[in-house]
């Protein structure tokens, strides 16, 4: 359901299911921000896009080319192709798992940054399974 629309943003509520290229995003609520006419005019002609950023909250799940991520909230910035999962964040790729308070994924670079929370004793965790063997034959790092 669309519950708010401004010139450059639309808020969707209820079981939201959105696609952006190869990426699928599911959440309870999502706000999509579009480039203004002035921002579009400043882009090189070779770069045609209208999405600026996207914020999602509530049981967020992202799937993108062999990667699955979950978290309480998600911010996505199209120009940088950067996704930030915030709160109870988990990212799986090729049977490997990283968890932390925040996970920043640079989609085009294949790079992730995992940050722990502020609470004492919180840690970043990573589980790597050589050869995609999964938990039975893999190692925990």
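The values are calculated or read from the model by the stated rules, or taken from the named source; none is laboratory data. These numbers come from a predicted model, not from an experiment. All Cβ positions, glycine included, derive from the backbone under ideal geometry; neighbour counts span all protein chains shown.
On the basis of being in contact with a strand residue (DSSP E or B) (Cβ under 7 Å, 6 or more places away or on another chain) and buried (at least 16 other Cβ atoms within 10 Å of the Cβ), does residue 126 make the cut? So residue 126 fails the test.
Quick one: count up the residues across segment 40-60 that are surrounded by fewer than 17 Cβ atoms within 10 Å (Cβ to Cβ) and either within 15 Å of the chain's Cα centre (by Cα) or part of a strand (DSSP E or B) (or both). First the steps, then the outcome.
Quick first cut of segment 40-60, residues surrounded by fewer than 17 Cβ atoms within 10 Å (Cβ to Cβ) only: 40-51, 58-59.
The next check asks that each one be either within 15 Å of the chain's Cα centre (by Cα) or part of a strand (DSSP E or B) (or both); those that pass are 51, 58-59.
Matching residues across segment 40-60 total 3.
One residue stands out in segment 20-30 among those that are over 12 Å from the mean Cα position of the chain (by Cα) and surrounded by fewer than 17 Cβ atoms within 10 Å (Cβ to Cβ): the one that is farthest from residue 65 (Cα to Cα), namely 28.
Mind listing just one residue for me: the one in segment 86-103 that is within 18 Å of residue 22 (Cα to Cα) and in a strand (DSSP E or B) and, of those, modelled with the lowest pLDDT? Explain how you work it out, then say what you get.
The first filter runs over segment 86-103 and keeps only residues within 18 Å of residue 22 (Cα to Cα), leaving 91-94.
Next, from what is left, pick out any that are in a strand (DSSP E or B): 91-93.
Values: 91: 92, 92: 91, 93: 86.
Ranking the qualifying residues of segment 86-103, first place goes to 93.
The residues listed here are 117, 137; of these, the one that is assigned to a loop (DSSP other than H, G, I, E, B) and either modelled with pLDDT of 80 or more or in contact with a strand residue (DSSP E or B) (Cβ under 6 Å, 6 or more places away or on another chain) (or both) is 117. On the stretch given as segment 88-110, residues that are loosely packed, with under 14 Cβ neighbours inside 10 Å and more than 26 Å from residue 50 (Cβ to Cβ) total 1.
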